[in-house]
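The next block holds one structure in the form of structure tokens; read it before the comments.
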Amino acid sequence: MKGPTSRWLRSEITYGPTGRVVWTVLILAPVIFGVFFSAVFLVAGVIWLFVVPIALRDVWRAVKDRRQPPPIIIPADPQPLRPGESIHDRDVPGRW
């Protein structure tokens, strides 16, 4: 991905910051409750622990920052003309 990226922006395929935090809690909730409240979870937990890294990677995917940067304002003529001076008397800038 070229350009700046962020994990805290909303896009067409990801959630905003609130959605990402909520999904993280929902993905980790079965692990936390299962370990503390159920012995049956030990079997299902092994399978779920393979799903958690994949799910969290997708939830926290970085997206391209498409916000527009502030415009760069370049003054039209940074040096005012002195009396009797013509614009044609000046040197051509190096970038042209």
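Structural remarks
- Surface per residue (accessible, 1.4 Å probe) for the range 1-58, Å²: 78
- Stretching the chain fully between residue 2 and residue 67 yields a gain of 22.0 nm (0.36 nm per residue, less the alpha carbon separation).
- Heavy-atom accessible surface of the chain: percent carbon and sulfur, 1.4 Å: 67
- Seen against the Cα atoms of the chain and their longest principal axis, helix 17-37 is set at about 20 degrees.
- The modelled label-to-label distance for the pair residue 81/residue 13, using points 7 Å beyond Cα in the direction of Cβ, is 5.5 nm.
- Measuring nothing but how far apart in sequence close Cα pairs (under 8 Å, 6+ apart) lie, relative to its length, the chain scores a relative contact order of 38 percent.
- Relative to the globular-protein estimate of 2.2 N^0.38 Å, the Cα radius of gyration of the range 1-82 stands at 1.95.
- For residue 24 and residue 50, a Förster radius of 25 Å and the Cβ-Cβ distance give a FRET efficiency of 0.90, rounded to the nearest 0.05.
- Longest DSSP-loop-exposure-free segment, trypsin sites (Lys or Arg not before Pro), the chain, at most 15 other Cβ within 10 Å: 11-60
- The C-alpha atoms of the chain define a longest principal axis, and helix 41-59 lies at about 10 degrees to it.
The values are calculated or read from the model by the stated rules, or taken from the named source; none is laboratory data. All figures in this text were calculated on a predicted structure; none of them were measured in a lab. Neighbour counts run over all protein chains shown; Cβ positions are idealised from the backbone, glycine included. Please note that ligands, DNA and RNA were not included when accessible areas were found on the heavy atoms of the full protein model with its side chains. Shrake-Rupley method; radii C 1.70, N 1.55, O 1.52, S 1.80 Å.
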